[in-house]
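This report concerns only the one structure given below.
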Amino acid sequence: MSEQADTETELEGARGTLIARTWRNPDADHVVLIAHGYGEHIGRYEHVAERLVANGAVVVGADHLGHGRSAGERALVEEGEDLTNDLHVVADLARREGPRLPLVLLGHSMGGLIATRFAQRYRDELTALVISAPVIGGNPGFTTICPTGSPRPPTSNINVSAIGDIRPNSAIVRLGQHGRIDAYMLSTGHLLADKSGYLLS
């Protein structure tokens, strides 16, 4: 464990105990909540967390149900909403780390799917959503979220320096007032919003 990964917390999840990690930063100007991918654990994101801390964040993440050191049968996902509910419990921990700071949710792979669902349900709790290679393509339930041929909005007004490197097949979504968002799928130009600019739910 690095100096920055200074705390582990046990949280009560939908189907058992979740193990969360916090990388503190006394000078943080934002909080990043990480949702890891399928078959992974939050420890695999230590290098990401350290980079985010160096860029001004406090970082919080947990092993999903059935992953890492959290409860549950290994890599078994029986109910997706359990993962979203669990992420909300971890988000409460993240908000306690920086109650007045903007909250950014970063999800990779399956974590991108969970993060997208989280944003649908709890959009008012987020300042931004970052998804990397989200597991949403080809799923009929998500074709309305990422329609093919959506126009690509200009990206010149996005400041991603606080988040770090953004790789191809990633998206950054800025959440505004009343659920309005601007979304940028950096490699494909797909939007995560309908034409009115509201996150689909």
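Assorted remarks:
- Sparse packing (at most 15 other Cβ atoms within 10 Å of the Cβ) combined with a DSSP loop state is found for the following GluC sites (Glu not before Pro) in segment 14-100: 73, 78, 79.
- The loop-placed trypsin sites (Lys or Arg not before Pro) in segment 54-115, going by DSSP, that have at most 12 neighbouring Cβ atoms within 10 Å of their Cβ come out as 74, 100.
- In terms of its C-alpha gyration tensor, segment 45-92 has a prolate overall shape, because the principal axis ratio a/c (a ≥ b ≥ c, square roots of the eigenvalues) is not below 1.5 and a/b outweighs b/c.
- Taken over segment 8-135, the alpha-carbon convex hull comes to 88 cubic angstrom per residue.
- Cα→Cβ-extended label distance, 7 Å offset, between residue 12 and residue 50, nm: 3.6
All of the numbers you see were taken from the coordinates with simple rules; none came from a lab. What you see is a predicted model; the values in this text were computed from it and never measured. Glycine also receives a Cβ, built like all others from the backbone with ideal geometry; neighbour counts cover every protein chain displayed.
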